[in-house]
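We did not get these values from a lab; they are worked out from the coordinates using the rules stated. Quantities reported herein were computed from a predicted structural model and do not represent experimental measurements. Note that each Cβ is placed from the backbone with ideal geometry, even for glycine, and that neighbours are counted across all protein chains shown.
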Amino acid sequence: MAQTQGLGKKYIKAFFKGFFVAVPVTVTFLDRVACVARVEGASMQPSLNPGGRQASDVVLLNHWSIRNYDVQRGDIVSLV
């Protein structure tokens, strides 16, 4: 019984240790490098959501290129 409690504490400690490392790394990645977003509505037709579909498109927002001003003609830029 005591061995099971020690094993449980070990797993909980490992979980929280991983959690407190993974969350800041993930948040930094999503803020600085890239994130996934859903595009809905007719504002971006016909490039996104062609044909008036009710389904939404999923896009990858590349934050890295914007930091280096690597934007070219024809790129779609998202502002929040």
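Could you work out the pair-distance distribution P(r) of the chain from its alpha-carbon pairs, with 10 angstrom bin width and percents rounded to whole numbers?
Pair shares across the bins are 15, 28, 22, 15, 12, 7, 1.
Using the per-residue mean of other Cβ atoms lying within 10 Å as a proxy for protection, in what order, highest first, do the peptides 17-28, 32-43 fall?
Highest mean packing first, the order is 32-43, 17-28.
Near the amide H of D57, under 5 Å away, which other amide H atoms are found, from residues 5 or more places off or on another chain, if H is placed in the peptide plane?
Placed amide hydrogens put V39, N49 under 5 Å from D57.
Determine ³J(HN,Hα), in whole Hz, for all residues of segment 11-18 in sequence, where each value follows from phi through the Karplus function 6.51 cos²θ - 1.76 cosθ + 1.60 and θ = phi - 60°; x replaces Gly and Pro.
Going residue by residue, I get 5, 5, 4, 5, 4, 5, 5, x Hz, with x marking Gly and Pro.
Between V58 and I12, how high is the FRET efficiency from 1/(1 + (r/R0)^6) when r is the Cβ-Cβ distance and R₀ = 35 Å? Nearest 0.05.
Using R0 = 35 Å, I get an efficiency of 0.50.
Could you derive backbone 3J(HN,Hα) for segment 57-69 from the dihedral phi with the Karplus parameters 6.51, -1.76 and 1.60 (θ = phi - 60°), listing whole Hz in sequence and x where the residue is Gly or Pro?
Karplus values, whole Hz, x for Gly and Pro: 8, 10, 10, 9, 8, 8, 7, 5, 5, 5, 4, 9, 6.
Just to check I understand the Karplus step: with θ = phi - 60° and J = 6.51 cos²θ - 1.76 cosθ + 1.60, what whole-Hz values come out for segment 24-39, glycine and proline as x?
After applying 6.51 cos²θ - 1.76 cosθ + 1.60, I find x, 5, 5, 4, 4, 4, 5, 7, 9, 9, 6, 8, 9, 9, 9, 10 Hz.
Considering amide H positions built from the backbone, and no H for Pro or chain starts, which residues 5 or more places from A34, or on another chain, come under 5 Å of its amide H?
H63
Run the helix sum for the chain: -39,500 (n - 2.57) per DSSP H stretch of 4+ residues, divided by residue count, reported at 222 nm to the nearest 500 deg cm²/dmol. Each step should come with its number before you reach the end.
Working: 2 runs with 36 residues, N = 80.
Result for the chain, helices only: -15000 deg cm²/dmol.
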